[in-house]
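Below: one structure, written as structure tokens.
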Amino acid sequence: MKAAHTYVAGPDLDLVMISAAIQFAADKHRKQRRKDRAQTPYINHPLQVFDLLLRIGGIRDTYILVAAILHDTIEDTDTTADEIRDLFGEIVLGYVLELSDDKTLSQADRKRLQVEHASHKSYGAKLIKTGDKISNTGELDTNPPMGWDIARRLGYIDWAEQVIAGLRGTNSALEAHFDARIAAVRLAIAAEQLPA
Ligand code: ZN
């Protein structure tokens, strides 16, 4: 059974593996929405990370791209490590596990550990984490999580910047994209604070 369901990256199978990952993630995240005002379907986020790596970062490593699509499945759904291993193999599972926070820890500890561990991640995990931070900060001006005031949004950007600091030197295009995005978001948030 395992062999029949395992998707292996290769010249002809890359698209099959990527499509299988999109279907798998869409199914796992099907009932979830982002916390933003627009209540965006959750799947938009991993698909955005995939797209950032592919089109901004120029990444063509199928295992990394598939892991980008799956990066939140273990942390945020009932997906098990065995499922990912059986369907997508050990390399993809390794990346997804690197990107899964330990949910038994407090949110403060998880955020601290993301900063501390960033520079020790593998190349693929660093790329995906950079895309993740671009996705999570990129709409804090126009479509922030519900109930987040200005201080919380700015604090989140500061923290994301600390994580990115540990990831730098991995992909200059993605890092420049992050820098440009948060500069624009900070400006837009600052403009909100000005008297009308
Ligand atoms: Zn994510």
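Fewest-first ordering of His29, His71, His177 by other beta carbons within 10 Å of each residue's beta carbon gives His177, His29, His71. What you get for the chain, charging only the Cβ of Lys and Arg (+1) and of Asp and Glu (-1), is a dipole of about 360 debye around the Cα centre. Where only DSSP H runs of four or more residues are counted, the chain gives -19000 deg cm²/dmol as its mean residue ellipticity at 222 nm, each run worth -39500 (n - 2.57).
Full extension of the segment from Glu161 to Asn143, taken as 0.36 nm per residue of separation minus the current Cα-Cα distance, would add 4.6 nm. Of the peptides 82-94, 58-70, 106-118, the order by per-residue mean of other Cβ atoms within 10 Å, starting with the highest, comes out as 58-70, 82-94, 106-118. Once the chain is represented by equal point scatterers at the alpha-carbon sites, with solvent omitted, what log10 I(q)/I(0) does the Debye formula produce at q = 0.14, 0.16, 0.19 Å⁻¹? With one equal scatterer per Cα and no solvent, log10 I(q)/I(0) is -0.81, -1.05, -1.44. The angle between the Cα long axis of helix 150-167 and the longest principal axis of the Cα atoms of the chain comes to about 50 degrees, rounded to the nearest 10. Counted by Cβ distance under 9 Å from Val185, the other residues give a net charge of +1, where Lys and Arg count +1 and Asp and Glu count -1.
Were the residues from Asp27 through Arg152 laid out at 0.36 nm apart, the gain over their Cα-Cα distance would be 41.9 nm.
Angle of helix 123-137 to the longest C-alpha principal axis of the chain, folded into 0 to 90 degrees and rounded to 10: 40°. Here's the picture: charge each Lys and Arg Cβ at +1 and each Asp and Glu Cβ at -1 in the chain, and of His71, Gly147, Gly94 the one pushed furthest to the positive end of that dipole is Gly147.
Determine, for the chain, the count of lysine pairs separated by eight or more sequence positions (or lying on different chains) whose alpha-carbon distance falls under 17 Å. So the count of such lysine pairs works out to 8. Just to verify a number: FRET efficiency for Lys111 and Arg60, C-beta to C-beta distance, R0 = 45 Å, to 0.05? FRET efficiency, Lys111 to Arg60: 0.90. Computed from Cα positions, the angle between helix 14-28 and the longest principal axis of the chain comes to roughly 60 degrees.
All of the numbers you see were taken from the coordinates with simple rules; none came from a lab. In this text the structure is predicted, and so the values were computed from the model without any measurement. Here Cβ is always computed from backbone atoms with ideal geometry, including for glycine, and neighbour counts include all displayed protein chains.
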